[in-house]
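Working notes, beginning with the structure itself.
The values are calculated or read from the model by the stated rules, or taken from the named source; none is laboratory data. Because the structure is predicted, anything quoted here is derived from the model rather than measured. With ideal geometry, Cβ positions are generated from the backbone for all residues, glycine too; neighbour counts draw on all protein chains shown. SASA here: full protein model, heavy atoms, side chains in, ligands and nucleic acids out. Shrake-Rupley method; radii C 1.70, N 1.55, O 1.52, S 1.80 Å.
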Amino acid sequence: MSAAVEQRLAHFRAGHGTSSAAARLPPRSEEPPGKAAAPEASEGPDRGGQPRPVPAATEPARPLLVLALKVLLWAVLLALFAELELGLPFFVVSLLYWMYAGTRGPGERRPGELSAYSVFNPGCTPIAGTLTAEQLERELHYRPAAGR
């Protein structure tokens with residue numbers, strides 16, 4: 001095994017927390033001391049003979065795992081409530097909870113972000129693209145736009 005491959009393997013094991021004895025050993029060199037190794041196929045002249053950087057280990061998808069566990073728990077509870085002949089009330093309460101949990105309150109808005117409902121905006125400012133009653137009336141009666 002070449003020194004570059006051993007270095008990559010050691011880096012991989014260190015990133016994954018492998019505690020084997022082979023992971024703790026320094027990479028061995030098959031060339032005599034003082035003699036430089038020839039660049040391998042993974043090493044290019046554009047990199048100066050240096051091995052390519054090993055990509056860092058990615059974090060596991062914990063939010064996806066947590067979501068899957070929540071859905072599994074909900075399905076088990078639904079089956080339990082269905083067995084107790086309370087499946088429909090459990091489902092309706094679940095829907096109401098999901099609607100409540102999925103909405104953001106006005107305190108959670110970013111600064112400068114407008115609500116889709118103009119009555120909740122300062123000065124009842126509508127968002128861009130809002131169809132107003134005046135605009136609808138103009139378009140229905142084929143009146144020219146004001147100021148044109």
Revision key, fill the gap. Counting only protein heavy atoms and rolling a 1.4 Å probe, one gets per residue an accessible area for the range 61-145 in Å² of 88
Review point. Sorted by accessible area (1.4 Å probe), largest first, how do Phe81, Phe120 line up?
Key: Phe120, Phe81
**Study point:** Exposure of Trp98 as accessible area (Å², to 10), given a probe of 1.4 Å and all protein chains
**Key:** 120
Review point. Relative to the Cα centre, what is the charge dipole magnitude of the range 56-135, using +1 at the beta carbon of each Lys and Arg, -1 at the beta carbon of each Asp and Glu, and rounding to the nearest 20 debye?
Key: 220
**Study point:** Surface share of carbon and sulfur [accessible, 1.4 angstrom probe, percent] for the range 68-148
**Key:** 67
